[in-house]
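Please read the structure below before turning to the comments.
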Amino acid sequence: MGLNFLEELELHCHQDIRFEEGEISQPPNPDTHLDPPPADLDEPGGHAAHPLPEVVQPIQMFYRRLKVYLPATLRALRVYDSHTPDIYFIRQVIEQCPLLQSLTLSRCTLFTRQECKFWKNLPQGESDSYFSDQGVPAYASAVAGELKGVKNLRELEIGIYLTAHAAIGTHLQQHTGLDGLSRVSLKVWEEPCEECNIQYREPTLAVEAEATEILAREISTLSLVSWASFCSEKRIGWSTHRISRDQEGNFEKLANVTK
């Protein structure tokens, strides 16, 4: 696959996961590589990357990783609807994209593609692997440690919701009157909810600021960090924090610039 001389690349990763009843067979596509879920980079909530280690899976799950080299000229990479742990993409750009300045790592979530086979095969509680306000400092430090290898990184978007996981159930049960974490249509999430904003916006911003400051202090080139926002329109927007530095490039302060 020829990608030479590209400066911007957008990937939609709907098909990066595979479920099987029995033993894994050879990949049907020679440009893909199947991996079992790794457990080397914990995510918020104290859990390793998908799936949660304590969950007994009814069928096996494997990730597909593209066997393509990203162009060395790449300056912006945007990954959407991914099930693959972020660490795969981070390590690939470290190895292959020395000029990268902007990185977006956006997940397939409860709020985007409910018809996805991923959600039909995993428990609803799995969403705490990308939706949690627990263990955030350790998570941010781990991500910063990896991203240090992206030497020119200026802008970072991470599709993790740094909101209390209870917010999902609270909205369904208290704000909409639904019974439990049943599988509901996207309309439930697309409609604005002032109660969610009142209850979760400020606590979430505080956690985001803490995580962003950790990243900013460790990665001296960063100027913008965005997190997936539960209080955004249709729950699929970003909460963006601008990083201010002194003349020597040291961290000074943050400003939330979400519109």
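The values are calculated or read from the model by the stated rules, or taken from the named source; none is laboratory data. What you see is a predicted model; the values in this text were computed from it and never measured. Counting neighbours? That spans all protein chains shown, and the Cβs are built from the backbone with ideal geometry, glycine included.
Pairs linking a residue in the stretch 126-155 that is within 17 Å of residue 229 (Cβ to Cβ) to a residue that is of a type in the set (A, V, I, L, M) and part of a helix (DSSP H, G or I), with Cβ atoms under 6 Å and 6 or more positions apart or on different chains, are 133/207; 136/207; 136/211; 140/211; 140/214; 140/215.
Number of residues in the stretch 207-259 that are outside any strand (DSSP E or B), closer than 14 Å to residue 163 by Cβ, hydroxyl-bearing (Ser, Thr, Tyr) and modelled with pLDDT of 95 or more equals 0. Of the residues making up the stretch 194-203, not a single one is surrounded by 17 or more Cβ atoms within 10 Å (Cβ to Cβ), within 21 Å of residue 78 (Cβ to Cβ) and of a type outside the set (Gly, Ala, Ser).
Scanning the stretch 194-221 for residues that are more than 18 Å from the chain's Cα centre (by Cα) and among the polar types (S, T, N, Q) gives 197, 199, 220, 221. The residue list 159, 149, 177, 145 contains one member that is modelled with pLDDT under 80 and out of contact with any Gly (no Cβ under 8 Å at 6 or more places or on another chain), which is 177.
Being more than 30 Å from residue 187 (Cα to Cα) and out of contact with any helix residue (DSSP H, G or I) (no Cβ under 8 Å at 6 or more places or on another chain) is the filter here; which residues of the stretch 218-244 pass it? Reasoning before the result, please.
If we filter the stretch 218-244 for residues that are more than 30 Å from residue 187 (Cα to Cα), which is where we start, we get 218-224, 242-244.
Those that are more than 30 Å from residue 187 (Cα to Cα) and out of contact with any helix residue (DSSP H, G or I) (no Cβ under 8 Å at 6 or more places or on another chain): 220, 221, 223, 224, 242, 244.
Give the residue that is modelled with the lowest pLDDT, with candidates limited to residues of the stretch 113-135 that are of a type in the set (S, T, N, Q) and crowded, with 20+ Cβ neighbours inside 10 Å. Ranking the qualifying residues of the stretch 113-135, first place goes to 127. Of everything listed in (1) closer than 26 Å to residue 98 by Cβ; (2) in contact (Cβ under 8 Å) with a residue 40 or more places away in the chain; (3) of a type in the set (A, V, I, L, M, F, W, C), the single unmet condition for residue 236 is (1). Every residue in the stretch 62-101 that is touching a strand residue (DSSP E or B) at 6+ places or on another chain (Cβ under 7 Å), within 23 Å of residue 117 (Cβ to Cβ), at pLDDT 85 or above and of a type in the set (A, V, I, L, M, F, W, C), please. 79, 89 - these are the residues of the stretch 62-101 that are touching a strand residue (DSSP E or B) at 6+ places or on another chain (Cβ under 7 Å), within 23 Å of residue 117 (Cβ to Cβ), at pLDDT 85 or above and of a type in the set (A, V, I, L, M, F, W, C).
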